[in-house]
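The values are calculated or read from the model by the stated rules, or taken from the named source; none is laboratory data. The structure presented is a predicted model; accordingly, all values stated were derived computationally and were not measured. Methodologically, a virtual Cβ is constructed for each residue, glycine included, from the backbone with ideal geometry; neighbour enumeration extends over all protein chains shown. The accessibility values were calculated without ligands, DNA or RNA, using every heavy atom of the protein model including side chains. Shrake-Rupley method; radii C 1.70, N 1.55, O 1.52, S 1.80 Å.
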Amino acid sequence: MNSAVIDHYGQFLRHGIEFAATLAFATSGVLAGARKHLDPVGVCVVAFLAAFGGGTLRDLLLDRRPFYWVESVNVVWLIFAISVGAVLFMRARHFEPTRRLIQIPDALGLGLFVAVGVDAAQAVGMPPLVAVLMGVITGVFGGVLRDIVCNEIPQAFSDHQPYAILGFLGGWLYLLLEHLYAPDWLSLFACIAFTAGARFLAIWRNWRLPGWRS
């Protein structure tokens, strides 16, 4: 297989992962907005910020243009449609999302976004620590904006469960595999599996970081 075909499949894979990450965080935004009983416009705003906030900040810091949501405007329309449809469905069924339910797409989105964030920074030659931090920013900042708009202290900073630190470790796993000349797809999926898997495990087992003494 020649290098042009490999590059094509690599770009397709990266776009697919970012798309999946965007949908995952948009879903968490829809659920968070519905939990706060926001109107459809409010839910759309929260879903948009959750879906694109981390990637936009990453692209600003890396001076990348155009932003993902500008380049993929159809994804924005899809998220708005999903947001309105979900609000109508949940109202009709009197469905009340729980905080624990929101954590499911949030954990998946964290793993996906950390992987594409580290990969994007690595592609433009950022130092290892900067690349890992870009992955963490991509994976965490959308959720931070979501929680702030919903008038909550961001979950990433307040629930005392491993979150950003898992993204940090997942980013280093990606770079380790790259250093060992692993295929790009393996580095990406290992980062996703470790970060999202560890987050799900932390939620399930109720792992806690040290907190303040009362």
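Can you find a residue in segment 25-36 that is modelled with pLDDT of 90 or more and not in a helix (DSSP H, G or I)? Yes, segment 25-36 has at least one match.
Filtering segment 139-163 to residues that are assigned to a helix (DSSP H, G or I) and buried (at least 18 other Cβ atoms within 10 Å of the Cβ) leaves Gly139, Val140, Phe141, Gly142, Gly143, Val144, Leu145, Arg146, Asp147, Val149, Gln155, Ala156. Residues in segment 78-90 that are β-branched (Val, Ile, Thr), open to solvent by less than 40 Å² (accessible area, probe 1.4 Å) and modelled with pLDDT of 90 or more: Ile79 alone.
For segment 91-98, the count of residues that are in a helix (DSSP H, G or I), open to solvent by 70 Å² or more (accessible area, probe 1.4 Å) and of a type in the set (Lys, Arg) is nonzero. Just checking, which of Val70, Val41, Val75, Val46 is buried (at least 24 other Cβ atoms within 10 Å of the Cβ) and assigned to a helix (DSSP H, G or I)? Criteria check complete, one pass: Val46. Restricting Leu175, Leu166, Leu209, Leu188 to those that are surrounded by fewer than 14 Cβ atoms within 10 Å (Cβ to Cβ) and aliphatic (A, V, I, L, M) reduces the list to Leu209.
Evaluate the following for Val136: is it over 19 Å from Gly16 (Cβ atoms), among the hydrophobic types (A, V, I, L, M, F, W, C) and buried (at least 16 other Cβ atoms within 10 Å of the Cβ)? Criteria met by Val136. Mind listing whichever residues of segment 56-67 are of a type in the set (A, V, I, L, M, F, W, C) and open to solvent by 40 Å² or more (accessible area, probe 1.4 Å)? Scanning segment 56-67 gives Leu57, Leu60, Leu61. Please verify whether Gly33 is buried (at least 23 other Cβ atoms within 10 Å of the Cβ) and over 16 Å from the mean Cα position of the chain (by Cα), treating the condition exactly as stated. Here the answer is yes, as Gly33 does meet what is asked.
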